[in-house]
Amino acid sequence: MSDSKPSAAQGGPGPATGTGEYSPQKVRDWLGPEIARQLGVYQIPEDLRLSVVIPVHNEEDTIEEIIRRVRAVSIPKEIIVVDDASTDKTPELLAAMEDASSNAELLVLRHERNRGKGAALKTGFARVSGDIVIIQDGDLEYDPAQYRTLIQPIVEGVADVVYGSRFLPAGPHRVLYYWHRIANRVLTTISNMFTDLTLTDVETCYKVFRREVIDDIAPTLKQNGFGVDPELTAKVARRNCRVYEVGISYFGRTYQEGKKIRMRDALKVLWSIFRYWKWD
């Protein structure tokens, strides 16, 4: 693929700005293409488009900032926000952003009653049109600046699905909730036993799919709550998708700051692992 017309969408730090940032082309020239690629500076096709699906419920404190950060990622994209019957100011904030949008980049969908994360994802998946589909939470725990790292194995043709793992070496991680970490490790281990995968973080938000994978799996999804994560994983494994993991930063929040998943949700996740390892 030619590098003759580099753009900000090609990966890496973006065009020269006079503030110490340099174009991907210059980075590849200085370091060589292979070293640059290992650092996440690689060629992204100019016609590639992302679909970012954001399920939200009562995120008035963070929704404007997370959408700003997603928009700041210099890759062509559509942003599909599914408001799962928020009761705070989230609907008003989303309506204002949708009205102010100068293009069709932002699409806001709404549930009349609260149905859960899985239901919101199903609503969003039904509307995607991009080449790569990314799940993004509506809080600030996961950083959209890492999209280039997440999509790299798919862009380079080696992966169908990529999980962003909070437990692989990467950037900063907030230190919180020991027993949550233990529960996640246990659930991930049990999921791996049934799927024969070697994931380190089955409950991560950052799950990235080739569009064809979502088109195949989304119509079969049944879980409306957090059980959708092991359901997606089981169905990816049973379809023999090529699955990769990359390490990500994680800026966790406390329950006082709006964290929603509870230890009781682990039982629903466990049931989903058993339920979907053999059947759609």
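Every number here is computed from the coordinates shown, using simple stated rules; none is lab data. Values in this document were obtained by computation on a predicted structure and should not be read as measured data. Here the Cβ is made from the backbone with ideal geometry for all residues, glycine too, and neighbour counts use every protein chain on show.
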Longest to shortest principal axis, alpha-carbon extents of region 33-163, angstrom: 49, 26, 25
Cross-link pairs Lys117/Lys235; Lys117/Lys278; Lys117/Lys222; Lys122/Lys207 - those with Cα-Cα distance over 21 Å: Lys117/Lys278
Least to most buried among Arg68, Arg275, Arg115 (fewest other Cβ within 10 Å first): Arg68, Arg275, Arg115
Rounded, prolate or oblate (a/c below 1.5 giving rounded, otherwise prolate when a/b exceeds b/c) for region 47-276 by Cα gyration tensor: rounded
Glu92 paired with Arg110, simple spin-label distance in nm, labels 7 Å along Cα-to-beta-carbon: 1.3 nm
Neighbour net charge for Val133 - beta-carbon separation under 13 angstrom, K R +1, D E -1: +1
Charge tally in the Cβ shell below 11 Å around Asp280, where Lys, Arg are +1 and Asp, Glu are -1, Asp280 excluded: +4
